[in-house]
1. Condition test on Asp113, is it out of contact with any helix residue (DSSP H, G or I) (no Cβ under 9 Å at 6 or more places or on another chain), surrounded by 12 or more Cβ atoms within 10 Å (Cβ to Cβ) and under 30 Å from Asn5 (Cα atoms)?
2. Go through Tyr83, Tyr62, Tyr45 for me and flag whichever is surrounded by 10 or more Cβ atoms within 10 Å (Cβ to Cβ), in contact (Cβ under 8 Å) with a residue 24 or more places away in the chain and more than 30 Å from Glu138 (Cα to Cα).
3. Check Ile106, Ile99 and return the single one that is among the aliphatic types (A, V, I, L, M), in a helix (DSSP H, G or I), touching a residue at least 12 places away in the same chain (Cβ under 8 Å) and out of contact with any helix residue (DSSP H, G or I) (no Cβ under 6 Å at 6 or more places or on another chain).
4. Does Val19 fit the bill of being under 18 Å from Ile99 (Cα atoms) and β-branched (Val, Ile, Thr)?
5. Within segment 6-25, does at least one residue satisfy the condition of being of a type outside the set (Lys, Arg), touching a residue at least 60 places away in the same chain (Cβ under 8 Å) and within 30 Å of Leu119 (Cβ to Cβ)?
6. Considering each of Leu81, Leu93, Leu103 in turn, give the residue that is of a type outside the set (Lys, Arg), more than 30 Å from Met60 (Cα to Cα) and modelled with pLDDT of 95 or more.
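The values are calculated or read from the model by the stated rules, or taken from the named source; none is laboratory data. What you see is a predicted model, and the numbers here were worked out from it, not measured in a lab. No Cβ is skipped: glycine too gets one built from the backbone with ideal geometry, and neighbour counts run over all protein chains shown.
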Amino acid sequence: MPIDNLGKIHFTEEEIHAVNQALNLINTTLLGLAENLTAAERSKYGKVGAKNTLLIDKAMDYHRSQPDLQSPEVDWQEFELDYADRIQASQMLSQTKSIEQLLLNIKILRDHDNHTDALRDYQYAKYKNRFTNQAGYETKIDQMKVFFPKTGKTKKSNL
């Protein structure tokens with residue numbers, strides 16, 4: 001017997017509304033801050049990487065602890081603002097990944113439940129079509145069986 005109905009707690013209308021409002025607020029806020037990079041620009045600028053992040057951190061450490069050693073060619077006020085944004089974006093990305101995982105888990109369980117029930121419904125339609133003359137089942141079966149392509153292999157029964 002398959003395990004089904006794994007996702008027993010469902011969104012309420014209020015929860016859906018609250019999540020959508022929060023997501024819309026996040027999107028609206030970030031649209032004002034984010035640059036729309038092309039694929040080429042994303043590739044050109046890329047990720048800094050762990051080693052270069054350590055370089056950035058070291059430059060910030062020297063800027064804070066020994067400002068007399070810093071380059072006059074760097075706009076240090078802008079550097080600090082970029083650094084703070086970088087830290088905030090990193091923390092927000094971490095939260096976003098956590099949210100993504102929560103939503104993915106919800107979707108996986110609901111997909112499993114729906115798939116199990118759809119298979120059960122298809123088998124029921126085949127049963128009813130075989131043993132009753134009720135209208136509609138043959139059409140339903142014909143429209144659903146396209147999702148079960150024949151592979152030419154048959155399963156061996158465990159008798």
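1. So Asp113 passes the test.
2. Checking each option against the conditions leaves just Tyr83.
3. Ile106
4. In short, yes.
5. yes
6. Going through Leu81, Leu93, Leu103 in turn, just one is of a type outside the set (Lys, Arg), more than 30 Å from Met60 (Cα to Cα) and modelled with pLDDT of 95 or more: Leu103.
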